[in-house]
1. Restricting to segment 157-297, compute how many DSSP beta bridges are antiparallel as a %, nearest 5.
2. So, in nm, how far is label ARG97 from label ALA60 when the simple model puts each one 7 Å beyond its Cα toward the Cβ?
3. So if I take the centroid of the Cα atoms in segment 223-256 and the same for segment 1-79, what is the distance between those two points in Å?
4. Show which aspartates and glutamates lie in cross-link reach of LYS260 when reach means a straight Cα distance below 20 angstrom and same-chain residues fewer than eight apart are skipped.
5. Which value in nm describes the separation of the simple spin-label points at THR145 and LYS74, placed 7 Å from the Cα toward the beta carbon?
6. Enumerate the calculated ³J(HN,Hα) couplings along segment 137-149 in order (Karplus 6.51 cos²θ - 1.76 cosθ + 1.60, θ = phi - 60°), each rounded to whole Hz, writing x wherever the residue is Gly or Pro.
7. What 222 nm value per residue comes from the helices of the chain, counting each DSSP H run with n ≥ 4 as -39,500 (n - 2.57) and dividing by all residues, nearest 500 deg cm²/dmol?
8. Which percent, to the nearest 5, of DSSP beta bridges fully inside the chain are antiparallel?
Amino acid sequence: MVTIPPQPWPTGLAEDVEPLVRRVLAPNPSPYTFTGTQTYVVGMADGPDCAVIDPGPNEAAHIDAIIAAVAGRKVVAIMCTHTHRDHSPAAAPLAERMGAPIVGCAPLMLAVDVLQKWGPRSDEAFDPTYAPDRVLLDGEGMRGTGWTLTAVATPGHTSNHLCFALEESGALFTGDHVMGWSTSVVIPPDGDMRDYMASLDKLMARDDVRYHSAHGAAIDKPRQLVRGMIGHRRQREAQILRLLGEAARPVSGFIPEMYKGLDPRLIGAAEMSVTAHLLDLEKRGIVVRDGDVWATR
C-alpha cells in the first residue's frame with residue numbers, strides 16, 4: 001500500500017522543476033490526491049507570458065500561490081486535463097482574476113439514462129462549474145513565448161481526459177492518466193477500462209522524456225512506468241478471471257484477495273476499478289452477470 005510521506009510538504013511554494021516549468025502544490029492532501037494536486041505554470045521565467053495547467057481546487061490560498069508563481073506574466077491559457085474537483089474548480093476564479101481564457105478538456109456530460117442505470121454515482125468527484133472558453137482536440141494546442149503545449153487525448157480515467165505535451169523540452173503533463181505515486185482509478189460509467197488501456201498504448205508509442213503528473217514526483221523513465229502499468233492492469237484482469245474460475249461472486253467478493261492491506265477509505269475506489277475490468281470483460285464476451293453476481297461465460 002502506498003503511504004503519504006510525512007510533512008512538511010512544499011504546499012503553496014513555487015518550485016522550478018525544469019527551465020520552462022514551475023510547480024505549485026495545492027493544500028488538498030488525501031488518500032486520493034497524495035500530498036495534493038500539483039498545478040504547473042509553463043513559460044520562460046523572464047518571459048512575457050505563460051500557461052497554467054490544472055489550477056486545482058477553489059482554495060483562496062492556492063489561487064494566490066498560483067498568481068505569485070505567474071510573477072506578473074500574462075496568462076495565455078488556464079488549461080485543464082480533466083474535470084475532477086481537485087483539478088478544475090480554481091479555473092473560473094483564476095480566470096476572473098487574471099483575465100485569461102479557460103482552455104483544454106471538454107465539459108463532462110453524462111446521459112440521463114446512464115445515470116438512471118447506475119443510480120447515484122461518484123459525481124461528487126466531478127466539477128459542474130467547469131465552462132471552457134475553448135475545447136482542445138487531440139493534436140491542437142496553445143503557444144506562447146518560447147513554449148508550445150499540444151493536447152494528447154487520453155480518455156479512460158475520465159472520458160474527457162487530456163495530457164499536454166511541452167514540445168520544447170519533451171515533457172508531458174499527464175494529469176491523472178499516469179501519476180507519480182499510484183495507478184489511476186477508472187470509475188464507470190464515465191471511466192472506461194478499454195479506453196484507459198488504449199491511452200496507455202498511445203503513450204507507449206510516444207517519445208516523451210519526462211512526465212509531470214498532477215500527483216507525485218516527476219517521472220524520468222516514462223515508457224518504463226507505462227509498460228509496468230499495462231502489465232499491472234493485465235495482472236488485475238488475470239486475478240479477476242482466476243477468482244471467477246473458483247466461484248461466481250459480486251464485486252465486493254474480489255477485494256479481500258486482490259487488495260490485501262488496502263486502506264479502508266479506498267475500498268470503494270477498488271470496487272469501481274474491478275467493476276471497470278468486469279465491464280470490459282463483459283463487452284469482450286468473457287464474463288456475464290446475473291444481478292450483482294459475476295461469472296465466467
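1. Working: 10 of 15 bridges.
Given both bridge residues lie in segment 157-297, the antiparallel proportion sits at roughly 65 percent.
2. Rounded to a tenth, the inter-label distance reads 1.0 nm.
3. Measuring centre to centre over Cα atoms gives 34 Å.
4. GLU237, GLU246, GLU271
5. For THR145 paired with LYS74, the spin-label model returns 0.9 nm.
6. So the Karplus estimates, Gly and Pro as x, are 8, 3, x, 7, x, 10, 10, x, 6, x, 8, 9, 10 Hz.
7. Details: 7 runs with 84 residues, N = 297.
Helix-only estimate at 222 nm: -9000 deg cm²/dmol.
8. In the chain, DSSP labels about 65 percent of beta bridges as antiparallel.
All of the numbers you see were taken from the coordinates with simple rules; none came from a lab. Treat the numbers as computed from the prediction; the structure is a model and nothing was measured. Virtual Cβ from ideal backbone geometry, glycine too; neighbours counted across all protein chains shown.
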